[in-house]
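Enquirer: Please see the structure below; I have some questions.
The values are calculated or read from the model by the stated rules, or taken from the named source; none is laboratory data. Since the structure is predicted, the reported quantities are computational estimates derived from the model, not experimental observations. A quick note on method: Cβ atoms are made from the backbone with ideal geometry, for glycine too, and the neighbour counts reach across all protein chains shown.
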Amino acid sequence: MSIQPDNRFVDVAPWTDDADHLGPERSDMDVSVARLMWRKFRRHKLALISGLFLAFCYLLLPVAGFIAPYTPNQRDAEHLYAPPQSINFWHQGEFIGPYVYETTGEADLVNFRWVYETDVTSPRKLEFFCEGQPYNLFGLIRSDTHLFCAPEGATVFLWGSDRLGRDVFSRILFGAQLSLTVGLIGITVSFVLGIFFGSIAGYFGGKTDWVINRMIEILRSLPELPLWLALSAAVPSNWSPVAVFFVISIILGILDWPGLARAVRSKFLSLREEEYVKAAEMMGAKPSRVIRKHLLPNFMSHLIASATLSIPAMILGETALSFLGLGLRAPAVSWGVMLNDAQNLASIEIYWWTAIPMLPIIVVVLAFNFLGDGLRASLDPYKT
Amino acid sequence: MIFLKYAVWRFFTMLLTLWVVSILVFVIINLPPGDYLSNQIAELRATGQAEGVAKAEFLRHEYALDQPLWKQYMIWAGIAQGPQGYSGLVQGNFGWSFEFDRPVSEIVGSALWMTVLVNLAAVLFVYLIALPLGVLAAAKSETWVDYSAGFLGYLGLATPNFLLALILFYYGHKYFGLPIGGLMAPELEGYPMSWEKVQSVLLHLIVPTFVIGTAGAAAMMQRLRANMLDELGKPYVETAKAKGLAPARLLVKYPLRMAFNPFVADIGNLLPAMVSGSVLVSVVLGLQTIGPYLLTALKSQDQFLAAFILMFVALLTLIGTMISDMLLVLLDPRIRYGARGT
């Protein structure tokens, strides 16, 4: 600091560009909201990782058949309840690439369980891009090339095999196709219903509002699971697995919308008094246009965040229903269907690998929760 | 006096809701084509057992299953005259279970109390766990206490109930000698209440309570933490700190009271989830609550049994919500006036 001849105070320290880099700058706040949100979201490392992980999972779905060494209902009668096998690279100090050992099962008639012996003398190299059972790539293209498969005479049960000798690893990959999409379809149904009822209740108010509000209250006060049970018990048992799958996901969505509708309604109640809504109405915009073009875009991001947080509930719901035998049924494969097989103590004590499908469930649900929390936290980019 | 007025008003809205719920339940139960008896008749016809058909036809008429649906509902609810006169839910006649061939009230009688007991225990558990953990997590926010509580909470939310039940059961038995399955020792079943029986029930309640309560406790804890954090940032907390109030006393005396309201109000969200959870967990663990009955009834289209259980489950949550609303009014006088306006 120095005093100039005309008594002005002047800072003599050299001026730097990043002098005030902590405070928000005009140029920093001048970019689009989406970019600001992204900047803020990026700082939530956990949410970012979860998002990437989920994206990876969903990208894997169409090519699940390619990655899985077996098809979901392919049975190996010689290897019932086979324990997980590991893939090794070095055999007796020598590198020979990925290989597995051959296992042979024997029934232990004293303890009534399967015992497997591993033949560690002869390593069997895994085959890559080999032919196996046919599956549908992207749900359309018929193919029988697998990323890797078991060498002749040996098996490759990375996570063991189940009661019928089916590969748990492959079934988890195929099961993901249904288990992960149930949440998406369900949330779409819930989204459409929730936005529709919520917006007409909030926008029109009065009697419509009263009726819809009571409807929401009643639906919210009912326990979900018994209702899910009752509704899915109504699905005829002779329907195809795909039809059952769609109906189940729609059922999950039908009971989920009240929460969303309430959020939409309360937001609309305050937003409809804003000037820009009045302006749009005076210019002759119809209610549907005001709702779609002027009101909804305002808090779409909030809705998406809350939707992200509702998906896990649906995934868990599907699992619970299938577990109880009222959801998806074999031959369809989902994580819940797989756990249905593992619902006795024997499978936890002796054949613990049949309960492995719970891991992807927990991981995916956690990821959705973290992602949703991160999204919600980064929605208001102007708040520090 | 105002409170009494509010209580009465709240009670009537509950009755009204229950009425709508009864319609909903009845429709849902009747969604699958056919009913238990017509399925039975078809089966008897197919196997050529004519004398059975006559009995089933008689029952069909006796329980008005040959009437149109709206009339069936009225008879079931007891607001219209059926074959036995006015005899429905309103009169305390819950119908007949075809699957078990006994009146519904006889089948679910003791199970109802057990359901209430299990859910009550779970609610208590949720509050006992969530309250200290939530407050602690907020007070020590962004320390390892907060992070580990948060992590446990997330894990509790993400683990499917029924799996947790199986795993806890297994390890609880292996390491702590906790009993497996059921709500009391099998030799005590059917005996009148005694100290021994109470002990046995309490011991058997540990795992189910834990399983049912975990998800609820996790959600509750997170919300309480968020509420507390909001309150902790307010000027009055700073004032209290500046005046030298001891940290623990400060926490309990001011912000906790403010954060407590949503905590009580939340029971409306909590209860349906808990009852859902208890149904599922009961099926897995073989508890003598109404859960397993509901599943059997739904699978075999035993409509009166299923409908009654659904009604009961709904009633349980509605009563819980009503009690929490009233507690809220007692706790916070401001809310009373807000609620009356709507």
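Enquirer: Check A:Gly175, A:Gly206, A:Gly194, A:Gly198 and return the single one that is at positive phi and of a type in the set (Gly, Ala, Ser).
Expert: When all the criteria are applied, what remains is A:Gly206.
Enquirer: Something else: Please count how many residues of segment A:328-371 are among the polar types (S, T, N, Q) and more than 11 Å from chain B (Cβ to nearest Cβ).
Expert: Number of matching residues: 2.
Enquirer: Would you mind telling me which numbered condition in (1) in a helix (DSSP H, G or I); (2) under 17 Å from A:Ser322 (Cβ atoms); (3) free of Cβ contacts under 8 Å to residues at least 40 places away in the same chain A:Ser249 fails?
Expert: (3)
Enquirer: Determine which member of the set B:Leu152, B:Leu128, B:Leu117 is over 30 Å from A:Ile361 (Cα atoms) and not acidic (Asp, Glu).
Expert: The match here is B:Leu117.
Enquirer: Between residues in segment A:1-18 that are on the phi < 0 side of the Ramachandran plot and modelled with pLDDT of 75 or more and residues that are basic (Lys, Arg) and surrounded by 10 or more Cβ atoms within 10 Å (Cβ to Cβ), which pairs lie under 9 Å by C-beta distance while being six or more apart or on different chains?
Expert: Partner pairs satisfying both residue conditions: none exist.
Enquirer: Now, a different point. State all residues of segment A:203-226 that are over 13 Å from A:Asp256 (Cα atoms) and either within 7 Å of another protein chain (Cβ to nearest Cβ) or surrounded by 17 or more Cβ atoms within 10 Å (Cβ to Cβ) (or both); if no residue qualifies, say none.
Expert: Within segment A:203-226, A:Tyr203, A:Asp209, A:Ile212, A:Asn213, A:Pro226 qualify.
Enquirer: Same structure, new question: Considering segment B:133-185 alone, what residues qualify as being within 10 Å of chain A (Cβ to nearest Cβ), surrounded by fewer than 17 Cβ atoms within 10 Å (Cβ to Cβ) and within 16 Å of B:Ala217 (Cα to Cα)?
Expert: Within segment B:133-185, B:Phe151, B:Leu155 qualify.
Enquirer: Would you point out the residue of segment B:31-50, among those that are within 14 Å of another protein chain (Cβ to nearest Cβ) and under 16 Å from B:Ala306 (Cα atoms), that is surrounded by the most Cβ atoms within 10 Å (Cβ to Cβ)?
Expert: B:Tyr36
Enquirer: For segment A:302-384, please list each of the helices (runs of 4 or more DSSP H) lying entirely inside it that holds at least 2 residues being crowded, with 23+ Cβ neighbours inside 10 Å.
Expert: A:335-341, A:358-377
For (1) in contact with a strand residue (DSSP E or B) (Cβ under 6 Å, 6 or more places away or on another chain); (2) at pLDDT 80 or above; (3) hydrophobic (A, V, I, L, M, F, W, C), each residue gets a yes or a no:
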| site | (1), (2), (3) |
| --- | --- |
| B:Glu189 | no, no, no |
| B:Pro192 | no, no, no |
| B:Lys197 | no, no, no |
| B:Thr209 | no, yes, no |
| B:Thr214 | no, yes, no |
| B:Lys234 | no, yes, no |
| B:Thr239 | no, yes, no |
| B:Leu250 | no, yes, yes |
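Enquirer: Looking at segment A:79-91, can you tell me whether even one residue there is surrounded by 12 or more Cβ atoms within 10 Å (Cβ to Cβ) and free of Cβ contacts under 8 Å to residues at least 40 places away in the same chain?
Expert: yes
Enquirer: Can you find even one residue in segment B:238-248 that is polar (S, T, N, Q) and either farther than 25 Å from B:Arg10 by Cβ or under 25 Å from the mean Cα position of the chain (by Cα) (or both)?
Expert: yes
Enquirer: Let me ask something else about it. Only one of these is touching a Pro at 6+ places or on another chain (Cβ under 8 Å), polar (S, T, N, Q) and either farther than 30 Å from A:Leu61 by Cα or not assigned by TED's automatic domain parsing to the domain that holds A:Thr354 (or both): A:Ser221, A:Ser161. Name it.
Expert: Among A:Ser221, A:Ser161, only A:Ser221 is touching a Pro at 6+ places or on another chain (Cβ under 8 Å), polar (S, T, N, Q) and either farther than 30 Å from A:Leu61 by Cα or not assigned by TED's automatic domain parsing to the domain that holds A:Thr354 (or both).
Enquirer: Those residues that are away from every other protein chain (no Cβ under 14 Å) and among the hydrophobic types (A, V, I, L, M, F, W, C), I need them from segment B:252-279; list them, please.
Expert: Residues satisfying the conditions are B:Val252, B:Leu256, B:Met258, B:Ala259, B:Phe260, B:Phe263, B:Val264.
Enquirer: In addition: Being in contact with a Ser or Thr (Cβ under 9 Å, 6 or more places away or on another chain), more than 9 Å from every other protein chain (Cβ to nearest Cβ), polar (S, T, N, Q) and under 20 Å from A:Ile254 (Cβ atoms), is that true of even one residue in segment A:306-316?
Expert: yes
Enquirer: Here is a follow-up. Can you name the residue in segment A:283-297 that is surrounded by 14 or more Cβ atoms within 10 Å (Cβ to Cβ) and among the aliphatic types (A, V, I, L, M) and is also farthest from the chain's Cα centre (by Cα) among such residues?
Expert: Going through the qualifying residues, I end up with A:Ala285.
Enquirer: Shifting gears a bit: For segment B:291-315, enumerate the residues that are touching a Ser or Thr at 6+ places or on another chain (Cβ under 7 Å), more than 9 Å from every other protein chain (Cβ to nearest Cβ) and assigned to a helix (DSSP H, G or I).
Expert: Residues satisfying the conditions are B:Pro292, B:Phe304, B:Leu305, B:Met311.
Enquirer: Let me ask another. When B:Ser141 is evaluated against the numbered criteria (1) assigned by TED's automatic domain parsing to the domain that holds B:Ile309; (2) not charged (D, E, K, R); (3) not in a loop (DSSP other than H, G, I, E, B), which criterion, by number, is the only one it fails?
Expert: (3)
Enquirer: When segment B:274-307 is examined, which residues are found to be of a type in the set (A, V, I, L, M) and within 19 Å of B:Asn119 (Cα to Cα)?
Expert: Matches in segment B:274-307: B:Met274, B:Val275, B:Val279, B:Leu280, B:Val281, B:Val283, B:Val284, B:Leu285, B:Leu287, B:Ile290, B:Leu294, B:Leu295.
Enquirer: Keeping to segment A:227-246, report how many residues are within 11 Å of chain B (Cβ to nearest Cβ), aromatic (Phe, Trp, Tyr) and over 25 Å from the mean Cα position of the chain (by Cα).
Expert: Residues meeting the conditions: 0.
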